[in-house]
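Read through the structure below, which is laid out as structure tokens, and then see the notes.
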Amino acid sequence: MSSLRSKIKGKQVEILMEENACFYDLTYYLNGCTNQNPDADEDERQITPTLNLLNISYNVSEFLGPWWKGACFRQKKQKRVLNDINIQFRSGELTAILGSSGSGKTSLLDIIASRSNGQVGGKVYYNNYLCTAEVIKQYAAYVMQADRLLHNLTVRETIRYAALLRLPGKMGSKEIDEKVDKAIAEMGLKHVADSRVGGSVVRGISGGERRRVTIAIQLLQDPKILLLDEPTTGLDSCTTRHLVSSLSDIAHNGKIVILTIHQPRSDVFKMFDKIGLLSMGEMVYFGKSGQMVEYFQDLGYPCPTYASPFDHYVDLASIDRRNHEREIETMSKVQKLVQAFSNSSINDENIHNIEEETMRHSTRRTMLFFFKPQPPSLMRVLYCLIGRMLVNLKRDRTIYMSRLIMLSLFVPFVCAFLGHIKTDQKSIQDRIGLMYQSVGVPTYVGILIAVGVFPPLRDLYFRECRDGLYSTTSFLLSYAIHVIPFQAISAMIFSIIVYWVTGLHPSWSRFAIYYATIFVLHFIGEIMTVGVMGVFFNPQIANSTSALILSASVLIATGFLRSFPSMLDIFQWGSWLSVMKYSAEILVANEFSGLNFTCPPVQNIPCQYPTGEQYLADYYPDAVEHMRRNFWALGGFMVSFLFFTIVAFKIRGIPNMH
Ligand SMILES: Nc1ncnc2c1ncn2[C@@H]1O[C@H](COP(=O)(O)OP(=O)(O)OP(=O)(O)O)[C@@H](O)[C@H]1O
């Protein structure tokens with residue numbers, strides 16, 4: 001593939017020359033894809049944009065047997081999800097794809113959006129141009145089943161932040177605000193524009209309005225094709241009607257709008273221009289909604305007078321799996337329906353239209369390209385992501401306060417347990433106990449906070465990264481930057497109280513060293529857990545894994561529970577890889593150097609450690625000399641944890657969410 005960038009009419013255009021790529025004529029695009037190319041012949045100017053699916057089939061592999069046999073030894077079974085689907089979607093039409101659960105509706109949308117992860121056969125054309133994944137991403141927007149929105153933002157903020165991430169980098173603030181207002185108006189959200197989105201816990205706008213916000217976000221880029229997976233699920237009949245009516249308006253304004261639906265209501269039947277009915281991945285009907293009743297009536301399946309045609313025909317095309325006989329019977333009925341549709345004049349006309357469109361000769365010039373708008377700059381992406389995270393955090397009192405004071409909640413226990421530490425021989429043990437708490441608690445609180453706060457942000461990232469809005473690095477960098485002020489304050493509160501109440505070495509410079517170490521450990525605890533949550537999507541498993549890593553590190557790398565020389569070699573070597581080794585050495589050297597301990601007044605009892613240096617010489621030799629090295633190591637660990645977190649997310653990839 002050769003890639004060539006050029007400036008044409010002041011627009012940045014990427015020209016891709018690739019066999020079988022989606023080809024768009026330059027003049028055609030610059031005229032807004034409306035076929036107003038003055039060089040085009042009369043026929044071409046009249047053409048309505050269409051999305052054509054020709055002979056689409058879809059196979060997935062299913063592994064049989066227990067997972068521990070591994071991918072190589074498990075039996076693999078091919079499953080045909082879609083078979084020989086031919087559909088033409090036209091601009092200006094609202095099309096509903098119906099079918100019972102498992103009939104293949106979502107898979108069909110995934111194929112159009114190039115998001116499927118199985119083997120796809122057949123071709124997808126936009127007009128008469130064969131489409132690749134990259135191209136369809138430019139022209140289609142996909143509204144998934146679940147709304148992934150931040151609960152604490154208002155509707156306007158949600159759409160505005162989405163606009164900043166989605167709209168071209170050159171677009172100014174005024175233009176962006178206009179787009180946001182337009183999307184709000186188009187989806188009928190004006191009355192809730194300044195209300196909180198909310199969710200299952202925080203009360204906010206209604207479920208239907210949340211769906212509209214998700215759709216409004218996808219409309220910002222003015223896509224030519226809008227795909228919606230089950231947009232009406234969970235909505236009442238009135239909300240469903242309003243939503244479908246809005247989608248119908250959008251379609252009639254010149255877009256291809258396709259939605260899947262499996263519990264349709266009769267009152268929205270007339271709003272659909274076309275209906276596709278799927279069963280077991282095969283087409284049972286695809287045509288005008290007005291012709292559907294007549295078509296099935298002619299086949300000998302009239303819709304009863306007071307029944308909803310939707311319910312009736314979805315039932316007709318469903319497989320009854322309650323017992324073997326019913327299953328065989330309904331399967332054979334569905335096969336007959338599939339065969340009847342395949343032989344019908346409606347299907348012939350459909351295939352004829354697709355072939356006519358895809359074979360249509362183009363008089364356009366052969367310069368083949370597609371337009372790639374200039375994305376927002378990295379600075380704008382970071383500014384937007386950090387701003388959005390901070391606003392979301394600011395509005396949630398519980399999370400905001402726990403970020404600031406959760407670490408300090410451990411302070412009363414630590415202080416009450418140890419009190420003001422003296423300088424006798426027994427206080428050595430107390431000091432080591434306090435150091436043990438000082439490395440474990442900030443890291444563990446970091447883990448807890450990440451588990452509580454990160455999952456909704458990660459879900460939103462999955463959706464937006466899949467939409468190609470920003471990279472994993474931008475997201476994780478923004479997350480790390482936005483937590484720093486909170487971690488700094490939280491570590492400061494903890495350090496001030498613990499340090500001065502327990503009476504550690506009374507020096508401001510030593511306090512600063514203690515504080516810096518606490519801050520780094522708090523930060524690393526959180527970032528490490530974020531990385532673990534990139535590997536294990538379940539937060540509870542991530543929590544246990546991080547806690548396990550922390551416990552093991554404290555055990556082998558601090559020297560608090562067992563002295564290094566008495567450990568097995570493997571643990572001694574392993575300790576070099578843990579941040580705990582360096583932080584423990586810093587804290588111990590910081591506290592013990594220059595400290596004098598009182599000895600027992602009884603003459604014949606030997607005084608083991610009259611000075612801190614003697615204690616250090618026995619357990620942490622060279623810790624004072626290594627102070628600078630250890631600080632460099634802490635800095636290195638901060639960067640490395642962030643780096644490994646990014647790598648973990650990249651390797652694990654984005655799940656195919658719906
Ligand atoms: N990647 C995959 N691996 C295994 N099976 C798959 C995969 N994708 C789809 N399937 C199977 O294909 C069938 C159709 O799935 P699909 O999600 O498209 O159905 P659907 O009609 O959208 O169902 P629903 O209405 O319940 O969402 C299901 O049986 C599903 O389990």
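The values are calculated or read from the model by the stated rules, or taken from the named source; none is laboratory data. In this text, all values refer to a predicted model and were calculated from it rather than measured experimentally. A quick note on method: Cβ atoms are made from the backbone with ideal geometry, for glycine too, and the neighbour counts reach across all protein chains shown. Note: accessible area is taken over every heavy atom of the protein model, side chains too, but ligands, DNA and RNA are not part of it. Shrake-Rupley method; radii C 1.70, N 1.55, O 1.52, S 1.80 Å.
The table that follows gives values for the structure above.
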| read-out | value |
| --- | --- |
| Heavy atoms of His242 accessible to a 1.4 Å probe, total area in Å² rounded to 10 | 100 Å² |
| Length released on extending from Ile570 to Ile651, taking residue separation times 0.36 nm less the Cα-Cα span | 26.3 nm |
| Gain upon complete extension [Ser377, Ser61; 0.36 nm per residue less C-alpha separation] | 109.8 nm |
| Nitroxide proxy distance, nm - points 7 Å out along Cα→Cβ at Ser471 and Met331 | 5.0 nm |
| Ratio Rg/Rh [Cα only; Rh per Kirkwood] for the chain | 1.10 |
| Pairwise FRET efficiency - Ser509 versus Tyr400, Cβ, R0 = 45 Å, nearest 0.05 | 0.90 |
| Percent of C-alpha pairs per 5 Å bin, segment 398-652, short to long | 1, 6, 13, 17, 18, 15, 12, 8, 5, 3, 2, 1, 0, 0, 0, 0 |
| Candidate residues Ile484, Ile215: accessible-area rank, largest first, probe 1.4 Å | Ile484, Ile215 |
| Most to least accessible of His626, His522 (protein chains only, probe 1.4 Å) | His626, His522 |
| Long-range tail of P(r) for segment 453-538 (Cα pairs > 16 Å, %) | 60 percent |
| Mean separation of Cα contacts under 8 Å, 6 or more apart, over the residue count of segment 398-652: relative contact order % | 27 percent |
| Hz values of 3J(HN,Hα) by residue in segment 610-621 - Karplus curve (6.51, -1.76, 1.60), Gly and Pro given as x | x, 10, x, 4, 5, 5, 4, 4, 6, 10, 10, x |
| By accessible area with a 1.4 Å probe, ligands and nucleic acids excluded, highest first: order of Cys607, Cys415 | Cys607, Cys415 |
| DSSP beta bridge pairing in the chain, given as percent antiparallel to the nearest 5 | 70 percent |
| Between 0 and 90°, nearest 10: helix 207-219 axis offset from the chain longest Cα axis | 80 degrees |
| Potential extension, Leu299-Glu356 segment - 0.36 nm per residue separation minus Cα distance | 17.7 nm |
| Ellipsoid equivalent to segment 496-641 - semi-axes via the Cα gyration tensor, in Å | 32, 18, 14 |
